[in-house]
Amino acid sequence: VQLQASGGGLVQAGGSLRLSCTASGRTFGLNIMGWYRQAPGKQRELVASINRWSTTTYADSLKDRFTISRSNVNARDTVYLQLNTLKPDDTGVYYCNTWPDTVYSWGQGTQVTVSS
């Protein structure tokens with residue numbers, strides 16, 4: 001299974017982006033899915049997670065600006081991350097994977113760059 005994250009880009013501070021993640025066009029199964037990010041020079045951190053019943057968790061500092069969601073269309077799961085009121089500190093590569101254990105190989109992620 002290959003994870004594919006998309007939707008990143010260059011945005012000005014205060015802007016929004018919507019990230020998407022799929023798993024080779026398949027379902028995520030029973031796994032809790034998470035969005036992670038890695039800022040330049042920092043370790044990868046969990047941003048948010050969502051289980052199959054759409055119960056969510058967030059990093060405390062981000063829960064007011066980011067929203068995780070998921071959908072299933074034609075037996076294909078997608079997990080989304082809506083990023084609002086972006087700040088330069090949100091710059092980094094955003095990845096999706098299972099949580100708390102990472103079952104899949106890390107994909108390339110999607111780059112989010114927020115300019116001031």
Portion, in percent, of the accessible area of the chain that falls on carbon or sulfur, probe 1.4 Å:
44 percent
Leaving out ligands and nucleic acids, and using a 1.4 Å probe, what accessible area per residue does the chain come to in Å²?
56 Å²
For the range 86-102, list residues with backbone N below 13 Å from a point placed 7 Å from the Cα of Thr113 toward its Cβ?
91-93
Toy charge model, Lys and Arg Cβ at +1, Asp and Glu Cβ at -1: the chain dipole around Cα centroid in debye, rounded to 20, equals 200 debye
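What's the ranking of 51-57, 88-94 by average number of surrounding C-beta atoms within 10 Å, highest first? Let's see the in-between values first.
Values: 51-57: 12.6, 88-94: 18.0.
Output ranking for 51-57, 88-94: 88-94, 51-57.
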Using just the alpha carbons, could you tell me how many Å³ per residue the convex hull of the chain encloses?
93 Å³
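The values are calculated or read from the model by the stated rules, or taken from the named source; none is laboratory data. The model shown is predicted, which means the values in this text are computed figures rather than measured ones. Glycine gets a Cβ as well: all are built from the backbone with ideal geometry, and neighbour counts include every protein chain shown. For the accessible areas, the whole protein counts, side chains as well, though only heavy atoms, and no ligand, DNA or RNA atoms are used. Shrake-Rupley method; radii C 1.70, N 1.55, O 1.52, S 1.80 Å.
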